[in-house]
């Protein structure tokens with residue numbers, strides 16, 4: 001009888017458990033810790049939830065005098081305002097002997113931040129990750145940069161379901177060793193995202209309003225380059241004050257490196273490191289390559305065609321070796337466009353064959369002071385007293401009838417024009 005009663009109790013319990021199971025699950029959910037906290041508004045840097053919308057980070061130089069300067073956003077205030085919120089930042093870093101330090105400071109009690117660092121060529125696999133502190137404690141990552149380039153920093157919550165109140169934090173990027181004496185800041189016009197570098201170790205990505213700031217060594221004659229998508233690479237010389245800040249305005253537009261092709265430059269100059277990117281190639285060309293008369297590109301067929309005294313059987317190695325050893329010092333043409341040569345001068349046929357046009361230039365044109373090509377954009381860019389709306393024909397007509405007699409330069413790769421362009425002046429300012 002006792003056994004019978006026990007079996008009835010067990011059977012009823014099992015049936016009741018089945019009946020009550022949905023209610024038990026609901027009760028356990030209601031009694032579990034609540035991940036969703038009081039709502040907060042998105043921080044000022046949103047939207048920055050993807051690499052494509054990453055917000056530029058400015059390097060903190062830890063100099064109290066610089067940290068008070070208007071617009072110098074050396075610390076960014078963020079929060080996790082929605083589930084699985086991510087805050088992406090972008091920065092151009094140089095490979096240095098010292099390390100960069102990425103810090104998540106003053107975190108709220110519910111902020112358990114994870115720091116991820118990505119290279120620009122792999123946004124799926126972080127090269128470094130850090131999360132060894134509990135929620136409410138500061139997090140930092142010592143970042144060693146092995147290659148110059150753009151990098152992305154992502155801050156995310158360890159538990160993506162935790163967001164809202166108490167998830168705020170400050171993001172700071174610095175180089176902990178010492179402080180910089182000089183400081184450069186300014187504005188890019190137009191205000192588009194621009195990577196700004198100098199050969200003095202300066203590095204910055206401009207903010208959405210065009211503002212940029214970067215700690216810098218003090219000194220004179222630094223080469224600054226500015227690169228933005230859709231614009232030619234801009235370059236100019238700058239002097240950096242020892243104290244206070246050096247103010248700059250960077251105007252994107254035409255420059256001596258407009259349309260510069262880095263792979264072609266490396267192919268034309270085999271003694272340069274194959275690993276160089278566009279920034280390194282531009283820096284080398286503006287500092288050394290131009291004065292050394294290095295070719296920015298080189299096509300064997302065009303070089304041999306423009307110099308008929310050279311063996312047509314030469315391959316790339318022989319032709320390039322000849323140009324580097326002899327041709328550039330002899331001011332030989334790398335290429336020749338018979339159509340442009342003919343259209344520049346009204347007294348020459350426009351339908352000349354390549355051979356006839358080149359023969360004329362070699363036998364007569366060069367001695368008569370004729371030019372084989374004419375860069376009208378550079379010509380108008382360098383002389384502010386000339387209308388910028390002129391066509392190539394109008395600009396060349398001015399040069400041919402007046403400009404050359406006034407001593408005006410005609411080509412962006414004329415040394416006078418080149419030096420003026422990278423110094424940020426116009427020839428009209430210096431005459």
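Values in this text are rule-based calculations from the coordinates and carry no lab data. Just so it is clear, the structure is predicted and the values come from calculations on it, not from any experiment. Neighbour counts are summed over all protein chains in view; Cβ atoms, including those assigned to glycine, are modelled from backbone coordinates with ideal geometry.
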At 7 Å along Cα-to-Cβ for each site, give me the label-to-label distance between residue 351 and residue 364 in nm. 1.9
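Just check the stretch 303-353 against the gyration tensor rule for me: Cα atoms, a ≥ b ≥ c as the square roots of the eigenvalues, rounded for a/c under 1.5, and otherwise prolate or oblate depending on whether a/b exceeds b/c. Numbers along the way, then the final one.
Numbers: a/c = 3.64, a/b = 2.21, b/c = 1.64.
Prolate, because a/c is 1.5 or more and a/b exceeds b/c.
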For the stretch 296-343 versus the stretch 107-146, the gap between their alpha-carbon centres in whole angstrom: 53
Among 352-362, 128-138, the order from most to least packed when residues are scored by Cβ within 10 Å on average: 352-362, 128-138
Residue 38 versus residue 218: modelled label distance in nm, points set 7 Å from Cα along the beta carbon direction: 4.9
Gyration tensor (alpha-carbon) shape descriptor, the stretch 182-251, a/c threshold 1.5: prolate
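Applying 1/(1 + (r/R0)^6) with R0 = 51 Å to the Cβ-Cβ distance of residue 331 and residue 144, what FRET efficiency is obtained, to the nearest 0.05? Before the final figure, lay out the partial values.
Details: r = 47 Å, r/R0 = 0.92.
Working from the Cβ atoms, E equals 0.60.
At 0.36 nm per residue, minus the direct Cα-Cα distance, what do residue 385 and residue 312 gain on full extension? Give it in nm, one decimal, please.
Details: separation 73, 0.36 × 73 = 26.28 nm, distance 4.58 nm.
Extra length available between residue 385 and residue 312 comes to 21.7 nm.
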So if each residue of separation counts as 0.36 nm, and I subtract the Cα-Cα distance between residue 68 and residue 243, what length gain in nm does that give? 61.6 nm
Note down, for the stretch 51-174, the three equivalent ellipsoid semi-axes (square root of 5 times each alpha carbon gyration tensor eigenvalue), biggest first, whole angstrom. 22, 18, 13
Return the FRET efficiency for the residue pair residue 170, residue 274: r is the Cβ-Cβ distance, R0 is 25 Å, and the value is rounded to the nearest 0.05. 0.05
